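Heads up, the thing below is written out as structure tokens.
Read the figures in this text as sums done on the coordinates, not as results from a lab. This one's a predicted model, so the numbers in the text were calculated from it and none came from an experiment. Glycine also receives a Cβ, built like all others from the backbone with ideal geometry; neighbour counts cover every protein chain displayed.
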Amino acid sequence: MNMTMYGLMFAGVSSIALGIFHIPRIWGIVFTSWHAEINSLSILNRKLVNTVFFAFCLALVTLGTLTLFLVGSDFQFDRFQVWFLALCLLFWVWRLIWQIVYFPYSRLKPGSRLLSLHIALIVIFAVNAVAYAVPVFAALIDCCKN
């Protein structure tokens, strides 16, 4: 197994872990004020937030699982698999930018615990983006050679 496969394995496992992390009940454990904040919303908004979190959870677990299946298959990715990897790359690049721009630590002003989480998420998102970028760019280079 080469580094590309290990990168994709990390991306798959971290996607599944982040998907599980987005289950709303887990947020109440990590962010102690979560229940108070969510209960201050109207019932409709609470349902919307929970629906978005649940959908995001399912999407991340699905992307992670499909990525792990890809790692288990032949390394010669076909066109569909490269498109899948390219879409995952775009997602993780967007999520990395979103984490930096939309959740800047200076505006959040929480504590050192959230700063550690913020930095860890940036690193995970960057590693995931690189993990998906390597096979996509390798496929593009290989396509241009032929």
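Rg(Cα) of segment 1-59 divided by 2.2 N^0.38 Å?
Details: Rg = 15.3 Å, N = 59, 2.2 N^0.38 = 10.4 Å.
In units of the globular-protein estimate, segment 1-59 measures up at 1.48.
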Report, to the nearest 10°, how far helix 3-21 tilts away from the longest principal axis of the Cα atoms in the chain, using its own Cα long axis and a range of 0 to 90°. 20
Residue farthest toward the positive end of the dipole of the chain, with Cβ of Lys/Arg at +1 and Asp/Glu at -1: which of 6, 21, 81? 21
Hey, what did segment 4-66 get for relative contact order, percent, Cα under 8 Å, at least 6 apart? 59
Angle check, please: helix 79-102 long axis (alpha carbons) against the longest principal axis of the chain (alpha carbons), in degrees 0 to 90, nearest 10. 40
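Kirkwood hydrodynamic radius (Cα pairs, Å) of the chain?
Values: mean 1/r = 0.0596 Å⁻¹.
16.8 Å is the Kirkwood radius here.
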With Cα atoms, 0 to 90° folded angle of helix 43-72 axis to the chain main axis: 20
